[in-house]
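Shown next, in structure tokens, is the structure this report addresses.
The values are calculated or read from the model by the stated rules, or taken from the named source; none is laboratory data. For clarity, every value in this text was computed on a predicted model and none was experimentally measured. Methodologically, a virtual Cβ is constructed for each residue, glycine included, from the backbone with ideal geometry; neighbour enumeration extends over all protein chains shown. Accessible surface is based on the protein model in full, side chains and every heavy atom, while ligands, DNA and RNA are left aside. Shrake-Rupley method; radii C 1.70, N 1.55, O 1.52, S 1.80 Å.
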Amino acid sequence: MTAATTMVTGMLANLVMTVIGNDRPGLVRTVAACVADHGGNWLESRMCRLGGQFAGLLRVEVAAERRDELLQALRGLDHGGLQVTVHSETGDEISPAKSGAVALLELVGNDRPGILRSVSSVLAAHGVNVEELASERMPAPHGGGTLFQARATVFVPAEVHFADVRADLEKIAADLMVDLKWESAK
């Protein structure tokens, strides 16, 4: 585990961590019990099974005086085959509110290398931030090969023109031969 830094808000320390290990029943319970047993509060998480591995991101808060105790307990999970890495917390609650809008992006097409690179390059060029991304490969209906599908929630800053992003995404969608849907999340 790397040396962890935390942001202390009042008397609470916020920790953001990644968890990975061979998938098996009880892994979430193990992490949740460790957090709760050391006075931590589970705030939010994203977890899934990927390629036979359990992978997760989570954010917890703990009383500042119990932070080191919780970190030590999390290190101990490594003996059970679960790697936990604690990262510093940036804290949305502390950052100034950004002006802009949330948009949804969905795409599907025949799988090939570079689809996400091309799409994320357009987003980055416009200063659009990917907030959440889920992707998967699946068999095409009627034995027509393999499809790649992605869904993303993105933040579009107020100074970025939604129509300009759409136009650039549509240009690459034709080159990539993917169907693309881009809309405001309202």
Which ³J(HN,Hα) values in Hz, rounded to whole numbers, follow from the phi angles of region 68-75 under the Karplus curve 6.51 cos²θ - 1.76 cosθ + 1.60, where θ = phi - 60° and Gly and Pro get x? 5, 4, 5, 4, 5, 5, 5, 4
Please turn the phi angles of region 144-151 into ³J(HN,Hα) values with the Karplus equation 6.51 cos²θ - 1.76 cosθ + 1.60 (θ = phi - 60°), one per residue in order, whole Hz, x for glycine and proline. x, x, 10, 9, 10, 10, 9, 10
Using only DSSP helix segments of four residues or longer, with each worth -39500 (n - 2.57), what per-residue ellipticity at 222 nm results for the chain after dividing by its residue count and rounding to 500? -8000 deg cm²/dmol
Extended-chain gain in nm, criterion 0.36 nm per residue less alpha-carbon gap, Thr30 and Ala163: 43.2 nm
Surface accessible to a 1.4 Å probe, Phe162 within the full protein complex, Å²: 60
Taking only Cα atoms, what is the 0 to 90° angle, nearest 10, from helix 27-37's long axis to the longest principal axis of the chain? 40
Put a dot 7 Å past each Cα toward the Cβ at Ala101 and Thr85; how far apart are the dots in nm? 3.7
Give me the Kirkwood hydrodynamic radius of the chain in Å, from all C-alpha pairs, to one decimal place? 19.0
Calculate one ³J(HN,Hα) per residue across region 160-173 by plugging θ = phi - 60° into the Karplus curve 6.51 cos²θ - 1.76 cosθ + 1.60, and present them in order as whole Hz with x for glycine and proline. 8, 7, 3, 5, 5, 5, 4, 4, 5, 5, 5, 4, 6, 4
Would you compute, for the Cα atoms of region 134-186, the largest minus smallest coordinate along each principal axis and list the three values in descending order, in whole Å? 44, 22, 13
Quote the FRET efficiency, to the nearest 0.05, computed for Glu183 versus Thr146 with a Förster distance R0 of 30 Å and r equal to the Cβ-Cβ distance. 0.70
Fully extended contour minus Cα-Cα distance, from Glu131 to Arg46, at 0.36 nm per residue: 29.4 nm
Compute, for the chain, the length of the dipole vector about the Cα centre, with Cβ point charges of +1 (Lys, Arg) and -1 (Asp, Glu) only. Units Debye, rounded to 20. 400
